[in-house]
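Enquirer: Please see the structure below; I have some questions.
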Amino acid sequence: MSSYAKAYALSLNSPEEFWEEQARAIDWHEPPRRILSKDENLADRWFEGGKLNAAWLALDRHVNAGRGCDTALIYDSPVTQITKKYTFEELLQEVSIVAGALRRSGVVKGDRVVIYMPMVPETVVAMLACARIGAIHSVVFGGFAAPELATRIDDATPKLVLAATCGIEFQSVVPYMPMLERALELASHRPESVVVLQREMSRATLDNTKYMDWQDWVSNATSADALPVDSWDPLYILYTSGTTGKPKGVLRDTGGHAVALNYSMDAIYGCDAGDVFWAASDVGWVVGHSYIVYGPLIKGCTTVLFEGKPVRTPDAGAFWRVIAEHRVKTFFVAPTAFRAVKKEDPDCKLLERYNIDCLEYLFVAGERLDPPTWHWLRDHVDVPVIDHWWQTETGWAICANMVGYGLHEMKPGSVTLPVPGNNVAVLDELGADCGTNKVGNIVIRPPAPPSHFFTVWGDHGRYVSSYWKRFPNAYETEDGGYLDEDGYVYILGRTDDVMNVAGHRLSTGELEESVASHDAVAECAVVGIKDDLKGQVPVGLVVLKDGVAVSAQSLEHDLIRLVREHVGAFANFKRICVVERLPKTRSGKILRQTVRKMIDGETYMTPSTIDDPGIIDEIETELAKVGLIGQRS
Ligand code: COA
Ligand code: AMP
């Protein structure tokens, strides 16, 4: 039996024994009383009674072990031309001061702090400072527009909001203040204070009745020590898109998260203390939380915070430059980023300028790794290219080819094998096991491993109804796929109406709410269609109100603007098609999957429950007219 097979079998047959051993690898202020138990909602929970602090694990522990002078964080910002390194000792000092400032502002354990900040070290500091005093952070991706920020402020009801004056997108500065101002107007909840970090490239004149300048806020603050919290205490809320317009607040605990991430650094990514780990994501996404901040730092690795893009910062050699310059051992990125590099530098010529012999593993996740990108990477980069699969809800990989147990044979299109703790099965519509090579719904049998979320913030009913209702005794991942005869897992895409745009998860509901808010629109449906660069992009089918006279062109223009203002430019909403009516079932469900397949050129079946089969021809004709599908023969 291979070491992976032994570990996997142990994790399923004796989960408590398996995770007790992993829990011993981190330092606890008080060890857990029980390894696996149930909370008052009957959710499986890990390490009951244990006391720990995630920021202490990420910083103090390494300083206390004599590693204070080692580099903890490298900030690399090509556009501002700033590269700054923080040792564990320096980062600890910054975090302790900000934790002290939070305390002085009245933030206590369990209070929420919304962080709307770009890829700057202060964002990492703010997250760790919250963790240090037991406050729950909720980072909102800087690309979200004001209404999305407002929704999150209303849901998380933070005592404090931390923001910055701008982010950077390629060469341009994206001002955050208009978004922040508008969000605070839109939100019903009133945070007690709003603190703004002034960035040199876009200083704002702050109205001091509404905002505090970050520098003033931290000045003379007294350092705060790490507060040991319960293993079950929440570390953060991170909002993710479901099918409706209202995002779900994924609540992550402290103990399970720390144990799982610590284990994953070596077992999945082959990284130990002192190694340099780089996740080229954004702190606003789960990858940023787990693998820019908590995972590498808890393990004692150096983490890279890159405020740039794969291309045009300044060129498609940006990744190679950062890997070479900072001696990155394991690199983790979304396939879309490499598609962008491949497009601009098809022969990978820019790699010749750099020595990346430090690089040992290249991990991708966030969306399907398309075979052309996989082959391109294999042809040009002389390290294993490892696809792995996970979700905001799980906080770390469900399936991977795990370096720590010795890499398995690579099979293109597969995310390899389940990570220990994940009892993965594929079920058909009736909940029966699909066996091998048959596509179905991928589920995880309980208990889900540590770090998996255990509720939706403020709405446990939604947690149950969204994830645990459809199949008895199974967590529904809402991804479809299959297992092959060797147990390898293949992910084929979402089974719900969530789309994946440049590795970002977007709900049809969010976009449809924006489109439907236009005066001329009676009804709409948004679907995610294939895109060579971004994986998917949204397209809107729009039904006009009776008697409305508006040109399709000006409507498209208005709707693009609306989505940018309501959701954000990163949604990449750029195309619409005006139709007489939407394809629906007799019960009124919009047939989004049928429309998507139609546009993507996939075979589709007209469902027997369709209201009027004639509509399919009608929609095809309209889509063909606007060039969204080829002209019908
Ligand atoms: N703040 C503000 N605006 C943002 C933003 C942010 N954090 N992120 C994206 N946007 C804006 C962009 O500026 C762009 O605006 P524009 O339409 O005015 O030009 C728009 O949203 C679309 O952005 P994007 O989809 O990122 O496309 P792009 O052409 O600007 O860049 C890539 C293409 C492939 C380089 C980029 O999408 C990328 O780096 N992707 C990897 C993302 C990733 O890591 N995802 C995984 C997360 S785990
Ligand atoms: P998010 O919660 O934003 O990280 O998005 C999670 C979703 O991204 C998953 O449910 C999948 O649909 C998709 N995804 C993540 N990783 C992969 C992968 N390696 N292959 C295919 N799809 C993936």
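The values are calculated or read from the model by the stated rules, or taken from the named source; none is laboratory data. Computed from a predicted structure; not experimentally measured. Cβ: placed from backbone, ideal geometry, glycine included. Neighbour counts: every protein chain shown. Heavy atoms of the whole protein, side chains included, go into the accessibility calculation; ligands, DNA and RNA do not. Shrake-Rupley method; radii C 1.70, N 1.55, O 1.52, S 1.80 Å.
Enquirer: Of 540, 528, which residue is of a type in the set (Gly, Ala, Ser), closer than 20 Å to residue 629 by Cα, away from ligand 2 (no atom under 15 Å from the Cβ) and assigned to a strand (DSSP E or B)?
Expert: 540
Enquirer: From the residues in the stretch 251-287 that are open to solvent by less than 10 Å² (accessible area, probe 1.4 Å), within 15 Å of residue 57 (Cα to Cα) and among the aliphatic types (A, V, I, L, M), which one is farthest from ligand 1 (Cβ to nearest atom)?
Expert: Selected residue: 259.
Enquirer: Restricting the search to the stretch 199-231, which residues are under 18 Å from residue 117 (Cα atoms), touching a residue at least 24 places away in the same chain (Cβ under 8 Å) and crowded, with 18+ Cβ neighbours inside 10 Å?
Expert: 199, 204, 214, 217, 218
Enquirer: Quick one: which of 290, 241 is open to solvent by less than 10 Å² (accessible area, probe 1.4 Å), modelled with pLDDT under 95 and either within 15 Å of ligand 1 (Cβ to nearest atom) or within 28 Å of residue 144 (Cα to Cα) (or both)? Write out each step before concluding.
Expert: On the way: 290 fails: modelled with pLDDT under 95.
Result of the check over 290, 241: 241.
Enquirer: Within the stretch 327-350, can you find the residues that are surrounded by fewer than 20 Cβ atoms within 10 Å (Cβ to Cβ) and away from ligand 1 (no atom under 16 Å from the Cβ)?
Expert: Passing the criteria: 327, 347, 348, 349.
Enquirer: Among the strands (runs of 3 or more DSSP E) contained in the stretch 23-98, which hold 2 or more residues that are among the hydroxyl-bearing types (Ser, Thr, Tyr) and within 23 Å of residue 226 (Cα to Cα)?
Expert: 82-87
Enquirer: So which pairs qualify, if the first residue must be in the stretch 474-491 and aliphatic (A, V, I, L, M), the second must be within 16 Å of ligand 1 (Cβ to nearest atom) and not in a loop (DSSP other than H, G, I, E, B), the Cβ gap must be under 9 Å, and the two must be at least 6 apart or on different chains?
Expert: Filtered contacts from the stretch 474-491: 489/389; 491/387; 491/389; 491/479.
Enquirer: Continuing with the same structure: Suppose we keep only residues that are in contact with a strand residue (DSSP E or B) (Cβ under 9 Å, 6 or more places away or on another chain) and near ligand 1 (Cβ under 7 Å from one of its atoms) within the stretch 167-182. Which one would you say is most open to solvent (accessible area, probe 1.4 Å)? Don't jump to the end; show me each part of the working.
Expert: Residues of the stretch 167-182 in contact with a strand residue (DSSP E or B) (Cβ under 9 Å, 6 or more places away or on another chain): 167-168, 173-177, 179-180.
After this cut, where a residue has to be near ligand 1 (Cβ under 7 Å from one of its atoms) as well, the list is 167, 174.
Details: 167: 4, 174: 42 Å².
Looking at residues that are in contact with a strand residue (DSSP E or B) (Cβ under 9 Å, 6 or more places away or on another chain) and near ligand 1 (Cβ under 7 Å from one of its atoms), I get 174.
Enquirer: Of all residues in the stretch 492-511, count the ones that are within 16 Å of ligand 1 (Cβ to nearest atom), assigned to a strand (DSSP E or B) and farther than 16 Å from residue 392 by Cα.
Expert: Counting residues in the stretch 492-511 that are within 16 Å of ligand 1 (Cβ to nearest atom), assigned to a strand (DSSP E or B) and farther than 16 Å from residue 392 by Cα gives 0.
Enquirer: Okay, next question. Considering the stretch 548-571 alone, what residues qualify as being of a type outside the set (A, V, I, L, M) and out of contact with any Phe, Trp or Tyr (no Cβ under 6 Å at 6 or more places or on another chain)?
Expert: Passing the criteria: 551, 553, 554, 556, 557, 558, 561, 564, 565, 566, 570.
Enquirer: Residues in the stretch 581-599 that are within 18 Å of residue 530 (Cα to Cα) and away from ligand 2 (no atom under 16 Å from the Cβ): how many? I'd like the intermediate steps shown before the answer.
Expert: Kept after step one, since they are within 18 Å of residue 530 (Cα to Cα), are these residues of the stretch 581-599: 591-599.
Filter once more, so that each one left must be away from ligand 2 (no atom under 16 Å from the Cβ): 591, 594-595, 597-599.
Here the count works out to 6.
Enquirer: In addition: Restricting attention to the stretch 563-580, and to residues there that are assigned to a loop (DSSP other than H, G, I, E, B) and away from ligand 2 (no atom under 16 Å from the Cβ), which single residue is farthest from residue 507 (Cα to Cα)?
Expert: 580
Enquirer: Do you know which residues across the stretch 581-607 are part of a loop (DSSP other than H, G, I, E, B), of a type outside the set (D, E, K, R) and touching a Ser or Thr at 6+ places or on another chain (Cβ under 9 Å)? Talk me through it step by step, then tell me what you get.
Expert: From the stretch 581-607, those part of a loop (DSSP other than H, G, I, E, B) are 581-583, 586-589, 591, 601-607; that's our starting set.
With of a type outside the set (D, E, K, R) added as a condition, the list becomes 582-583, 587-588, 591, 601, 603-607.
Hits for the stretch 581-607 are 583, 587, 591, 604, 605, 606, 607.
Enquirer: So which residues in the stretch 512-525 are in a helix (DSSP H, G or I) and not polar (S, T, N, Q)?
Expert: 512, 513, 515, 516
Enquirer: Hey, among the residues in the stretch 134-163 that are within 11 Å of ligand 1 (Cβ to nearest atom) and in contact with a strand residue (DSSP E or B) (Cβ under 7 Å, 6 or more places away or on another chain), which one's farthest from residue 230 (Cα to Cα)?
Expert: Checking each candidate, the answer is 142.
Enquirer: For the condition among the charged types (D, E, K, R), under 25 Å from residue 372 (Cβ atoms) and open to solvent by 60 Å² or more (accessible area, probe 1.4 Å), what is the one hit in 546, 532?
Expert: 532
Enquirer: Give the residue, chosen from 48, 40, 21, that is touching a residue at least 12 places away in the same chain (Cβ under 8 Å), at negative phi and open to solvent by 40 Å² or more (accessible area, probe 1.4 Å).
Expert: Criteria check complete, one pass: 48.
Enquirer: From the list 52, 73, 91, pick out the single residue that is in contact with a Lys or Arg (Cβ under 9 Å, 6 or more places away or on another chain) and not basic (Lys, Arg).
Expert: On the way: 52 fails: in contact with a Lys or Arg (Cβ under 9 Å, 6 or more places away or on another chain); 91 fails: in contact with a Lys or Arg (Cβ under 9 Å, 6 or more places away or on another chain).
Going through 52, 73, 91 in turn, the sole match is 73.
Enquirer: If I filter the stretch 112-133 down to residues being more than 17 Å from residue 282 (Cα to Cα) and open to solvent by less than 10 Å² (accessible area, probe 1.4 Å), which single residue comes out as farthest from ligand 1 (Cβ to nearest atom)?
Expert: Applying the filter and picking the extreme gives 133.
Enquirer: Next question. Those residues that are near ligand 2 (Cβ under 7 Å from one of its atoms) and under 14 Å from residue 369 (Cβ atoms), I need them from the stretch 489-513; list them, please.
Expert: Hits for the stretch 489-513 are 491, 493, 500.
Enquirer: Identify the single condition in (1) within 21 Å of residue 30 (Cα to Cα); (2) within 15 Å of ligand 2 (Cβ to nearest atom); (3) among the basic types (Lys, Arg) that residue 299 does not satisfy, given that it satisfies every other one.
Expert: Here residue 299 meets the rest and fails (2).
Enquirer: Residues that are within 13 Å of ligand 2 (Cβ to nearest atom), assigned to a helix (DSSP H, G or I) and open to solvent by less than 20 Å² (accessible area, probe 1.4 Å): does the stretch 367-376 have at least one?
Expert: Step one: list which residues in the stretch 367-376 are within 13 Å of ligand 2 (Cβ to nearest atom), which gives 367-371, 373-374.
Filter again for assigned to a helix (DSSP H, G or I), leaving 371, 373-374.
After this cut, where a residue has to be open to solvent by less than 20 Å² (accessible area, probe 1.4 Å) as well, the list is 373.
The answer is yes; a qualifying residue exists.
Enquirer: Where the second residue is surrounded by 19 or more Cβ atoms within 10 Å (Cβ to Cβ) and hydroxyl-bearing (Ser, Thr, Tyr) and the first is farther than 19 Å from residue 157 by Cα and lies in the stretch 89-114, which pairs have Cβ atoms under 8 Å and are six or more apart or on separate chains?
Expert: Here the result reads 94/86, each pair linking the stretch 89-114 to a residue that is surrounded by 19 or more Cβ atoms within 10 Å (Cβ to Cβ) and hydroxyl-bearing (Ser, Thr, Tyr).
Enquirer: Also, quick follow-up: Could you grab me the full set of residues in the stretch 398-415 that are crowded, with 18+ Cβ neighbours inside 10 Å, part of a loop (DSSP other than H, G, I, E, B) and among the hydrophobic types (A, V, I, L, M, F, W, C)?
Expert: Listed by number, the residues that qualify are 398, 402, 415.
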